[in-house]
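I'd like to ask you about the structure that follows.
The values are calculated or read from the model by the stated rules, or taken from the named source; none is laboratory data. Since we're looking at a predicted model, the values are computed, not measured. No Cβ is skipped: glycine too gets one built from the backbone with ideal geometry, and neighbour counts run over all protein chains shown. Surface accessibility is based on the protein's heavy atoms, side chains included, excluding ligands, DNA and RNA. Shrake-Rupley method; radii C 1.70, N 1.55, O 1.52, S 1.80 Å.
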Amino acid sequence: MKVKVLSRNPDDYVRETKLDIQRVPRNYDPTLHPFEVSREYTRALNATKLERLFAKPFVTSLDGHRDGVNCMAKHTKTLSTLLSGSCDGEVKVWNLTKRECVRTLQAHEGFVRGMVVRFCGSSFFTVGDDKTIKQWKMEAPGYGEEEEPLNTILGKSVFTGLDHHQKDAVFATCGQQVDIWDEQRTSPIRSFTWGVDSFSAVRFNPVETELLASCASDRSVVLYDMRESTPLKKVIMTMRSNTLCWNPMEAYYFTCCNEDYNLYTYDMRFLDKPITVHMDHVSAALDVDYSPTGKEFVSASFDKTIRIFAKDGGHSREVYHTKRMQHVICIKWSLDNKYILSGSDEMNIRLWKANAAEKLGVMSPREREAANYNQTLKEKFQHHPQVRRVARHRHLPKSLYHQTKELRVMKEARRRKYVFLMHFSFEASALSLSEWPRRKGHGGVMATRAAGVTYAVPPAQWKVWLVGLCPLTWAQ
Amino acid sequence: MAKASKKKVSKAVVKAMDTTAAVTPDVVYDEEDEEDLSKADEVITSEDEDGEDERRRQKLLEAISALGGKRKKTLGERSEPSVQMSEFTVNADGEGDKIDLSDLIGTVERTSAVPATTKKQLKNLQRSTKPIACPLSKQESQRIQRDVAFQKAATEVTRWKSIIKQNQRAEQLVFPLNQEPIGPKPMERVVSGWKAQTPLEQEIFAVLSANKQPINDPILTPTEEASMRAMSLEEAKIRRAELQKARALQSYYEAKARREKKIKSKTYHKVQNKAKRKEFLKQFDEMVVADPASALEELNKIEMSRMQERMSLKHQNSGKWAKSKAIMAKYDDGARKAMQQQLEVNKTLTQKLVSSLNEEEEEEEKDEADAEVLPELVNDAEQVLNSLNPWMRGKLSEEHKEKEISNTVDLTAEGPGNTVEEDEDEEEVEETEEEKLLREFESRRKLRHALETDAAPLTCMDDNTEDKAAAENPDVSDKEEEELSEFTSLFRGIADSLQEAESETAEAGEDHSTPLEEDLIRVRTLEDMELLSQENLPSGEAAAPPQQPPDTAALSSATEKTGKNRKRKRGIELKEVLTKGTEVIKVPLIPTTEDNEDNEDTEDRDDGLDQSGLIKEAFAGDDVISDFLKDKRKQEDAGKPKVVDLTLPGWGEWGGTSLKPSRHKRRRFRVKTAPPPPRKDRHLPSVIMSEKRNSSISLHQVSSLPFPFENHAQFESTIRSPLGRTWNTERTVKKISMPKVVTQMGAIIEPMAREELLKERKQLVLRSFSRPCSPCFPGSPVKYSITGESCVFNQKHIGYRY
């Protein structure tokens, strides 16, 4: 009789060293693991629900200002430092890790209009309503020393905005005109005007560092090159833009936030129409800042909310609000892509997580892998109704909710009217639905070019419905 | 001469005017034209006269000119010395003379330094009579300036396009972008303010710096670095030696071949050929073992030559030489032999090869056949085991069973030794048929059960025969995995690319980023989430099959579009999304003990009988089949149209308790509805197919094709491929679930730097140079990558070539 005995090769199940992973014999035969889709669907749904449960974006609130926070500046070299300027001319320097104010200085009389940290991080500039530009040291003065600016430049008019060059000792201000200053001189090395009396914001392009853009009160956004003597181009929109921000990773894209509740992303080479119109706010958008990865941006609005948009998303992926947060004036995305800072009317600065459900702190490899897997699952099943429903649900305050609904109704009514006109009106027989303003292509604005200036105004046939009082003339 | 005479005339006139107060106007008028012409002359001439006379004359002239109605501004005479003799040594004497262009250009003709083209241009200018266009207005010139500046800036910015595209398409981006390589760094780089302090250190550094020796870590002098970059001398020598050797070898070989070719001895060649053939055969045998693919190729070659031989008449005694030999063959023994040899060659060439490879295959087949035949007893044992417990063997496939049956039948026909088991076997055959049915029922029931109970949208068990192969073949599964990752990347890319395309064509499609569903409810717990997912379901979508919303734009082309839309709106089909079907596992059964077979068999049989008895007892009264049939009949009946009797007793005739409506009336008011379409399971006796729509599943199903996908197949394939580590290998899971953006904790992400542009360009240029086939620039790559303009030029070429 021959007896066969079970025998195993220890190489199959014994680790070579203690540091190796335990060998787990696996059989990937699909018959042994049935129902893969349904199982993964369940996992995806659970992951989505858990994500919403863990979505607690609000981290902390920094209070200490005695007036509304009007501007903020990120420190270029340290993540934990934040500067904020308020409407009473006070500038505060915050330590974000300790959540405390480390330094306070009375920088201006009246508003602090703009603030920027020099690229080296050793000093910062402020402009205020008192027509001055001041340069301050980043370190606090020693004991007994006076808090004094390094430099003070007296301007002829009020400055409303400020930005610093990415690498050179050059900065730009705006007010009645856009000025380029050398740090060593007291008069601007260049000033640009183009038939406008006031500008609200100016921003340097962080990638192509010689380019700038500004928002003017004549509803236009103007582009400049620091090396040229004239402005480059401007686009005039239907309503005024408040601020703008360049994409830090993609040289030719910038986003401006408009009074018409929308944000517009433009390609600076083709200003005829915006690439994407980001809509969701129910009041004027006041400030915008890109994430340092250039994939998303955050916008602050007069409607007391903060919204996060994908750079090519027509609608926001996230909305943040608190009961106590009033009109959000300024917003910044931290340089490590993890946090969002908002300064609002009611004197507080708030720190939010950029990804509401993300775990802060160190994750173990297994944890990270699980998170990644969950993320891919959510992406895979994002179109399934249940998953989508849970993922997209957000709580909104009542007033906002109703306002959003109202706006939607208004928009739909306008669209319906347009369609009626298209079909029945004599004058507007040339209309077609493709002309209808949409998010992509040309939202809300239609551009016509006129030699260097791009006017983004509605074409003639639109007036028919824009006026809104045109009687319907039935086609005979 | 004419000029002089004119002067005279005018003088005369003037004098006459002086002397005679009354002047006939005729004369004056006659002279006026000329006066105009020669006014300058007059002024000059007037200088000669005396002061008082002159003044009077001047007055008179003025009066006259006033009379003529033409106010000519006389050239005032300036007597300042500065004008007379200006600091630029330009005399005011020739003030009256107009300066011609020729005066200025005159000198140009003579100077040799002025290029010929300029001279020509100047000449043309002289000839042209057109007035020079007035300069542009300030606004216009500024506009032009702006345009030019904008174009410049736009082109400058466009250089980033490739990088931006690349980043958009990248599967993963790790921020900060320009991270320093991990690893130990030299002390000098870490400690910035380090200086030689002790006298010894200072001395050492002084010596080092005096001898131009490197101080920092990569301890190389500049010359050494340069030499590092160049090819080293040794390397060059080695390379040269190699080339020399190769050349020498080649010449030797050629010489040898020539020598051998010259040898006339036939026997020598014969021996040589034989040796070669032997060698080849040996090699071939080795090849069969080591590299079957190339062996096959060789075989094919041989086959080819055989075919050629068969087609041609080369060795078939039909050539000129062969014919001549045939004539000689009668008399010459050698010729006969030669002919015979040729024929033999033909024979050998046309002989069909029975290769060892084929043999092997055949052997394998045999083995397989054996394997099927061999474990009869084993199979028997297994069957016995199976037949005992109908609940335990639901998964064995029919084909397998049938095979077994045929095997057993064959065996019974052949082997007289197996007659003992014959009855048993026959019983088994019957049993197995029953079991087959049973099993089928069971699987169907499972299927139905799964359909009803499982909440997930995509469940069904089906025999997907096509997927079986995929499951068995690891290569295929690998391919799948690749496809999967490819698809995810594609899926990620699609959105971006589409967006780009849209922005370019200005054809704004639907935005894929749907708005947030903002609500007044704040979700706090998991239960809330559940409620949310149930409550917020749009009632229409949930209950009724998804209907197409009225599309105003589609009014005109209604018919076409509706047809299309219906297609699209059709829910994702279960079958399409189905996962791989269940598969039969065939485990080769090896008898663990080899013992007295008969004994074991009998024992087994006894045991089996006992067990089957037990099970029969346990499941007595559980008549699954009849239950099923009843069930099916019930379902069929429910689906059948019912006759509706609408007769109203007493309507139109007498009514009462004992009165029935007339038959005529009853027939008239009995309504028969049309029979429904035939059931799908009418030809499947063991299947119940429910044709009702399951609304609980539709809640979880996608009702329309999501944005980046172009057709159902695409979407379904993404859904079908699992991502988890239960179904995929570790590496695949990692690859699939790679996050798109990775950031480092606490690291500042700087904006894109100019260096990235340079880096990319360098890579591009290097790539272009590394291609040997297209030497586009003769210079060194460094030169082209660093200078700006040539870079642009370079890129253009690259863009053109790739």
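Of all residues in segment A:323-342, how many are in contact (Cβ under 8 Å) with a residue 40 or more places away in the chain, within 12 Å of chain B (Cβ to nearest Cβ) and not in a strand (DSSP E or B)?
5
Okay, moving on. So which residues in segment A:263-316 are of a type in the set (S, T, N, Q) and touching a Gly at 6+ places or on another chain (Cβ under 9 Å), if there are any at all?
A:T276
Scan segment A:1-23 for residues that are facing chain B (nearest Cβ under 10 Å) and within 23 Å of B:G724 (Cβ to Cβ) and jot them down.
Matches in segment A:1-23: A:I21 only.
Is segment A:101-113 home to any residue that is of a type outside the set (D, E, K, R), open to solvent by less than 20 Å² (accessible area, probe 1.4 Å) and not in a strand (DSSP E or B)?
yes
For every residue, the table says whether it meets (1) open to solvent by 50 Å² or more (accessible area, probe 1.4 Å); (2) modelled with pLDDT of 75 or more.
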{"site": "B:E109", "(1), (2)": "yes, no"}
{"site": "B:A113", "(1), (2)": "yes, yes"}
{"site": "B:T117", "(1), (2)": "yes, yes"}
{"site": "B:D147", "(1), (2)": "yes, yes"}
{"site": "B:A153", "(1), (2)": "no, yes"}
{"site": "B:S162", "(1), (2)": "no, yes"}
{"site": "B:Q172", "(1), (2)": "yes, yes"}
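Follow-up question, since we're still on this one. I'm checking my understanding of the structure. Among residues of segment A:50-69 that are part of a strand (DSSP E or B) and surrounded by fewer than 23 Cβ atoms within 10 Å (Cβ to Cβ), which one is farthest from the other protein chains (Cβ to nearest Cβ)?
Restricting to residues being part of a strand (DSSP E or B) and surrounded by fewer than 23 Cβ atoms within 10 Å (Cβ to Cβ), the top hit is A:D63.
Select from segment A:114-127 the residues that are open to solvent by 30 Å² or more (accessible area, probe 1.4 Å) and either touching a residue at least 40 places away in the same chain (Cβ under 8 Å) or over 27 Å from A:D182 (Cβ atoms) (or both) and list them in ascending order.
Result: A:R118, A:F119, A:C120.
Please go through (1) open to solvent by 90 Å² or more (accessible area, probe 1.4 Å); (2) closer than 25 Å to A:N372 by Cα for A:E16 and return the number of the only condition it doesn't satisfy.
(2)
Looking at (1) more than 10 Å from chain B (Cβ to nearest Cβ); (2) within 30 Å of A:R389 (Cα to Cα); (3) assigned to a loop (DSSP other than H, G, I, E, B), which is the only condition A:A47 fails?
Failed condition: (3).
Let me ask something additional. Among the candidates A:L62, A:L50, which residue alone is outside the structural domain of A:F125 (by TED's automatic domain parsing) and out of contact with any helix residue (DSSP H, G or I) (no Cβ under 7 Å at 6 or more places or on another chain)?
A:L50
Same structure again: Scan B:I144, B:I105, B:I99 and give me the residue that is at negative phi and assigned to a loop (DSSP other than H, G, I, E, B).
Only one candidate qualifies: B:I99.
Among the listed residues A:H395, A:H384, which satisfies the condition of being at the interface with chain B (Cβ under 9 Å from one of its Cβ atoms) and open to solvent by less than 40 Å² (accessible area, probe 1.4 Å)?
Step by step, each of A:H395, A:H384 is checked, and only A:H384 is at the interface with chain B (Cβ under 9 Å from one of its Cβ atoms) and open to solvent by less than 40 Å² (accessible area, probe 1.4 Å).
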